[in-house]
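This report refers to the structure that appears directly beneath it.
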Amino acid sequence: MSDIPRITIDQCGSHAGETVEIAGWLYNLRKSGKIIFPLIRDGRGIIQCVGLKNSLPEDLFNALKDLTQESSVIVRGKIRAEQRAPGGYELDLESAEIVQRVPESHPYPITPKDHGIEFLMDHRHLWLRSRRQHAILRVRHEIIKAIRDYFDSNGFTLVDTPIFTPAACEGTTTLFEVNYFDEEKVYLTQSGQLYNEATALAFGKTYCFGPTFRAEKSKTRRHLTEFWMVEPEMAYATLEDVKNVAEGLICFVVQRVLENRKNDLTDLERDTGKLESIKPPFPRISYDQAVEILHRKGSQIEWGGDFGGTDETLLSEEFDRPVMVDRYPSQVKAFYFQPDPDRPEVALGVDVLASEGYGEIVGGGQRIHDLALLEKRLEEHNLPREAFDWYLDLRRFGSVPHAGFGMGVERCVAWLCGIEHIRETIAFPRMLYRTRP
RNA sequence: UCCUCAGUAGCUCAAUGGUAGAGCAUUCGGCUGUUAACCGAAGGGUUGUAGGUUCGAGUCCUACCUGAGGAGCCA
């Protein structure tokens with residue numbers, strides 16, 4: 001080991017004029033006879049190095065001159081501000097150590113040229129090394145951290161819910177079945193919400209944050225079979241509370257991303273002006289008003305039906321920030337939604353549709369707190385009562401009005417990054433016809 | 001499950017029913033400021049699979065496989 005300090009590329013600005021060591025991989029190499037320009041990436045950034053034939057040992061110069069893409073290499077040299085270099089800083093090579101050389105007989109498959117989506121998805125484990133994927137996944141990290149910070153500093157306790165569950169929360173058709181020691185069937189969770197109601201009545205305000213599984217045979221840019229969802233739940237709370245918390249959360253997350261990940265948004269060519277306008281209050285409309293707007297815009301939707309993807313896009317086009325749509329017909333909502341006391345045919349539920357046509361990112365509402373009504377709904381939905389006995393207990397012992405929602409992380413990432421397809425918002429996406437790598 | 005589109009070199013794509021091509025990548029050579037560097041040369045193919053039409057099929061027809069986009073459903 002040398003006594004030269006090792007830095008990461010994002011720290012170059014504060015080390016100008018110093019001799020440092022950077023451990024990374026060869027991103028690209030440009031050469032011109034007696035001068036070489038290796039571009040090194042280290043996961044934090046990319047820096048151009050400069051090597052001159054007459055100032056480096058001959059064998060090192062030759063080894064670097066013929067180095068292959070994505071070979072791992074540790075470089076040492078002096079950092080210098082340089083207008084001509086991409087990134088603004090350059091490293092004058094003094095020495096280097098090649099850790100592993102990618103053989104030219106089997107070169108790195110992802111070249112700096114265009115590739116098709118199938119090829120890139122097959123090489124997802126390597127595709128993650130590209131700049132665009134770095135930017136997206138850093139924004140994802142920021143979003144997740146912001147979500148946690150928001151709830152942690154607003155009186156919520158993180159209480160995670162199980163992934164193996166014995167029964168469905170919503171419909172049974174979208175559950176992945178798991179063979180549990182050959183003894184019983186369990187399912188991968190499609191929502192932590194039923195358990196959240198138990199933890200909220202125990203802790204007041206809780207949230208769970210984890211992967212969720214839906215066996216929907218959906219093959220669109222908005223769907224994954226495994227996705228991450230954060231679900232807050234609050235005791236002594238109503239539909240209005242859900243709307244306010246969802247609005248506060250979304251604004252907080254957007255603000256954080258704008259503050260801390262501006263460079264990544266720039267790399268992704270995101271129009272940040274559209275994100276700057278995401279401030280409270282969000283427009284709040286009823287399902288009835290939404291249907292009116294859709295009819296005016298030519299949709300064929302009939303009252304009582306759920307919105308399709310095109311309907312959501314049409315609606316979100318009307319506003320410059322997310323729009324909240326509440327009081328959907330009870331028939332399109334899950335069994336546990338509290339009916340509106342003034343209009344029992346609609347549910348006290350709300351969906352938040354992201355702007356720019358990114359679709360539903362939040363869904364939630366007020367839950368039924370009355371035992372008799374909940375029992376009736378279970379019956380109407382043909383759900384096995386014994387599986388929900390513990391859930392009914394929550395209405396027997398200190399039942400209170402309570403409410404919560406779920407927010408899909410990947411749709412948020414896609415929206416804030418302004419990218420077309422949700423598959424790039426998670427390191428290893430699971431989709432209808434893709435479970436590898 | 002349904003609808004639409006696409007499979008040609010390692011990658012991205014061309015090729016009127018008539019000799020299967022280019023750029024990048026790889027190899028060799030050249031170049032002291034390159035910016036997806038550039039210049040010259042070389043190697044690289046059972047055109048997704050199986051049938052069919054035709055003197056002749058990458059191209060037309062049928063079936064299947066694989067992938068992509070969308071619908072329904074959803075965050």
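List of remarks:
- Residue, nearest to A:Ala200 (Cα to Cα), within the stretch A:398-420, restricted to residues that are within 9 Å of RNA strand B (Cβ to nearest atom) and open to solvent by 30 Å² or more (accessible area, probe 1.4 Å): A:Arg411
- Residue within the stretch A:42-53 that is of a type outside the set (Asp, Glu), at pLDDT below 95, in contact with a helix residue (DSSP H, G or I) (Cβ under 6 Å, 6 or more places away or on another chain) and open to solvent by 40 Å² or more (accessible area, probe 1.4 Å) present: yes
- Search result, residues across the stretch A:286-310 that are in contact with a helix residue (DSSP H, G or I) (Cβ under 6 Å, 6 or more places away or on another chain) and assigned to a loop (DSSP other than H, G, I, E, B): A:Lys297, A:Ser299, A:Ile301, A:Trp303, A:Asp306
- Helices (runs of 4 or more DSSP H) wholly inside the stretch A:90-159 that include at least 1 residues being at pLDDT 95 or above, open to solvent by less than 70 Å² (accessible area, probe 1.4 Å) and touching a Phe, Trp or Tyr at 6+ places or on another chain (Cβ under 6 Å): A:131-152
- Filtering the stretch A:234-249 for residues that are out of contact with any Cys (no Cβ under 8 Å at 6 or more places or on another chain), β-branched (Val, Ile, Thr), at pLDDT 95 or above and surrounded by fewer than 18 Cβ atoms within 10 Å (Cβ to Cβ) leaves a non-empty set.
- Within the stretch A:351-389, the set of residues being at pLDDT below 90 and of a type in the set (Gly, Ala, Ser) comprises A:Ser355, A:Gly357, A:Gly359, A:Ala387.
- Scanning the stretch A:380-396 for residues that are within 16 Å of A:Glu197 (Cα to Cα) and touching a helix residue (DSSP H, G or I) at 6+ places or on another chain (Cβ under 8 Å), we see that the one that is surrounded by the fewest Cβ atoms within 10 Å (Cβ to Cβ) is A:Arg396.
- Residue count for the stretch A:355-379 satisfying the condition of being more than 9 Å from RNA strand B (Cβ to nearest atom) and open to solvent by less than 30 Å² (accessible area, probe 1.4 Å): 8.
- Scoring A:Ser218 on the criteria (1) more than 8 Å from RNA strand B (Cβ to nearest atom); (2) surrounded by fewer than 17 Cβ atoms within 10 Å (Cβ to Cβ) leaves a single failure, condition (1).
- Looking across the stretch A:320-332 at every residue that is more than 12 Å from RNA strand B (Cβ to nearest atom) and under 23 Å from the mean Cα position of the chain (by Cα), the one that is most open to solvent (accessible area, probe 1.4 Å) is identified as A:Asp320.
- Some residue of the stretch A:347-360 being touching a Cys at 6+ places or on another chain (Cβ under 8 Å), touching a residue at least 24 places away in the same chain (Cβ under 8 Å) and under 27 Å from A:Asp320 (Cα atoms): yes
- Considering the conditions (1) open to solvent by less than 40 Å² (accessible area, probe 1.4 Å); (2) near RNA strand B (Cβ under 9 Å from one of its atoms), A:Gln83 is excluded by exactly one of them, (1).
- Condition check for A:Glu197 on (1) open to solvent by less than 10 Å² (accessible area, probe 1.4 Å); (2) within 10 Å of RNA strand B (Cβ to nearest atom); (3) over 15 Å from A:Met407 (Cα atoms): one failure, at (2).
- Residue within the stretch A:294-303 that is open to solvent by less than 70 Å² (accessible area, probe 1.4 Å) and aromatic (Phe, Trp, Tyr) present: no
- Residue in the stretch A:85-98 that is among the β-branched types (Val, Ile, Thr), closer than 19 Å to A:Ile9 by Cα and in contact (Cβ under 8 Å) with a residue 60 or more places away in the chain present: no
- Candidates A:Ser55, A:Ser71: the one that is in contact (Cβ under 8 Å) with a residue 12 or more places away in the chain and of a type in the set (S, T, N, Q) is A:Ser71.
- The stretch A:54-80, subset in a strand (DSSP E or B) and more than 10 Å from RNA strand B (Cβ to nearest atom), residue most open to solvent (accessible area, probe 1.4 Å): A:Lys78
- Within the set A:Asp271, A:Asp340, A:Asp267, the sole residue that is charged (D, E, K, R), surrounded by 17 or more Cβ atoms within 10 Å (Cβ to Cβ) and farther than 28 Å from A:His381 by Cα turns out to be A:Asp267.
- Meets criteria (within 16 Å of RNA strand B (Cβ to nearest atom) and under 30 Å from A:Arg377 (Cα atoms)) for A:Glu302: yes
The values are calculated or read from the model by the stated rules, or taken from the named source; none is laboratory data. Keep in mind that what you see is a predicted model, and the values were worked out from it rather than measured. Here Cβ is always computed from backbone atoms with ideal geometry, including for glycine, and neighbour counts include all displayed protein chains. Please note that ligands, DNA and RNA were not included when accessible areas were found on the heavy atoms of the full protein model with its side chains. Shrake-Rupley method; radii C 1.70, N 1.55, O 1.52, S 1.80 Å.
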